[in-house]
1. Can you work out which of the residues in segment 21-54 that are closer than 21 Å to Tyr136 by Cα and open to solvent by 80 Å² or more (accessible area, probe 1.4 Å) is modelled with the lowest pLDDT?
2. Do we find a residue being within 20 Å of the chain's Cα centre (by Cα), β-branched (Val, Ile, Thr) and surrounded by fewer than 16 Cβ atoms within 10 Å (Cβ to Cβ) anywhere in segment 183-192?
3. Report, by residue number, each residue of segment 235-251 that is among the polar types (S, T, N, Q), open to solvent by 10 Å² or more (accessible area, probe 1.4 Å) and more than 16 Å from His290 (Cα to Cα).
4. Just one of Lys403, Lys323 is under 28 Å from Ile224 (Cα atoms), in contact with a helix residue (DSSP H, G or I) (Cβ under 7 Å, 6 or more places away or on another chain) and either modelled with pLDDT under 95 or surrounded by fewer than 22 Cβ atoms within 10 Å (Cβ to Cβ) (or both); which is it?
5. Evaluate segment 306-320: report whether one residue or more is assigned to a strand (DSSP E or B) and open to solvent by less than 70 Å² (accessible area, probe 1.4 Å).
6. Across segment 203-223, what is the total count of residues that are open to solvent by 10 Å² or more (accessible area, probe 1.4 Å) and without any contact (Cβ under 8 Å) to a residue 60 or more places away in the chain?
7. Which residues, counting only those in segment 265-299, are aliphatic (A, V, I, L, M) and surrounded by 17 or more Cβ atoms within 10 Å (Cβ to Cβ)?
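The values are calculated or read from the model by the stated rules, or taken from the named source; none is laboratory data. Nothing here was measured: the structure is a model prediction, and the numbers come from that model. Cβ coordinates were reconstructed from backbone atoms using ideal geometry, including for glycine residues, and neighbour counts include every protein chain displayed. Surface accessibility is based on the protein's heavy atoms, side chains included, excluding ligands, DNA and RNA. Shrake-Rupley method; radii C 1.70, N 1.55, O 1.52, S 1.80 Å.
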Amino acid sequence: MTAPESTMAQFARRMLSAKAEQFTESVIREMTRLALKHNAVNLSQGFPDFPAPAEIKEAARQAIADDINQYAITWGAKPLRDAIVEKFQRTQGVRVDPEREITICCGSTEAMMSAMMAIINPGDEIVVFEPYYENYGPDAILSGATPRFVKMRPPDWNYDEKELAAAFGPRTKAIILNTPNNPTGKVFTKAELEFIRDLCVRWNAFCVTDEIYEHILYDGAEHISMARIEGMRDRTIVINGMSKTYSVTGWRVGWAIAPPEATQSIRKVHDFLTVGAAAPLQQAGAMALHSPQSYYDKLASSYAEKRVRLLRILEQAGFTVFKPSGAYYIMTDISRFADPDPRRFPADTKDVRFAKYLVEEIGVAVVPGSSFYNDARDGASQVRFTFCKKESTLAAAEARLSKLHAES
């Protein structure tokens, strides 16, 4: 390194936030960029490549034509807040106040960040199940929380109750719960939620629950919101949004449902982070949330077929698959495949080398498992696929993955 370069590096370290140095940019979004670069089939990032429902798109167009183009109320347009109240009561049996307990945000990602910043103080700890959606790690760092990780183990992604109990303590402010879970597809049972409830009550902690995949369920699994568990109504912050249920990941309309005191803090953080979500898309969201039950039944049925399709493709290609109970991802074990040449695909762990090999040589983009763990070595034998894709995409993936050869 030359002297000027060294000086600039030292200057950057002084001038830039130390928080941002503690995490990388999104591995999931990076894999989408690599898929585009190498003309690969993108089974990495969880966005549908098929059209959103025509009625929802028309509602957005109509809202723009009706000049709903200026700021909505900071914490969300009333029609959408009212629709959230109606749907949450209909699906979970929990009544919330649209004026005091709902905040509309720029996607569930911002809702989670606003919630974290609203409740965390220096020295607070949060409990996070792993493998976890990759945003939760940076969320903890940016909000100032210290994460305590608790493993879920394949094939059923169960957690050890003693390990979870040991993660709680006097500094615990919250546990982050994602059900149905990304990346594993685990759907937490009532008994599991009640065990978590008992720990939250004992240690006076929140449960921040990400429920974005609530309607994507299989094999009779039931989504139960923690807010519906006895004793948790005033300890739960529910994060949700339009992205996955209505196939509009680019609209960035999400929300947080929280007790009034927590909502006051969330609204203040949200206001100064983003001011508000897109007004015409909130209007369309109000219509979408009033969709009939048949819409949600068809959604789950369609994804069930895609799940069967990709499970078969992956098994035939030689992957060990972990069958999901919800969401639209499949975690796999890659132990049966040879480790790609580290000289050609340099990386610290096999999963990253394998993912690079897949996207560059096979033409399929996946997410390396290490991006879902605090310690990269824990995910070194795993990669994640998504099946929220049209049939032609899955067929193209099948043809390309047929070139793989697993060891016996």
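1. Result: Thr24.
2. yes
3. Thr249
4. Details: Lys403 fails: under 28 Å from Ile224 (Cα atoms).
That would be Lys323, the only listed residue that is under 28 Å from Ile224 (Cα atoms), in contact with a helix residue (DSSP H, G or I) (Cβ under 7 Å, 6 or more places away or on another chain) and either modelled with pLDDT under 95 or surrounded by fewer than 22 Cβ atoms within 10 Å (Cβ to Cβ) (or both).
5. yes
6. 4
7. Those that are aliphatic (A, V, I, L, M) and surrounded by 17 or more Cβ atoms within 10 Å (Cβ to Cβ): Ile266, Val269, Ala277, Ala278, Ala279, Leu281, Ala284, Ala286, Met287, Ala288, Leu289, Leu299.
Condition check ((1) under 24 Å from the mean Cα position of the chain (by Cα); (2) within 21 Å of Arg153 (Cβ to Cβ); (3) assigned to a helix (DSSP H, G or I); (4) without any contact (Cβ under 8 Å) to a residue 24 or more places away in the chain) across all residues:
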{"position": "Ser335", "(1), (2), (3), (4)": "no, yes, no, no"}
{"position": "Ala338", "(1), (2), (3), (4)": "no, no, no, no"}
{"position": "Arg343", "(1), (2), (3), (4)": "no, no, no, yes"}
{"position": "Ala347", "(1), (2), (3), (4)": "no, no, no, yes"}
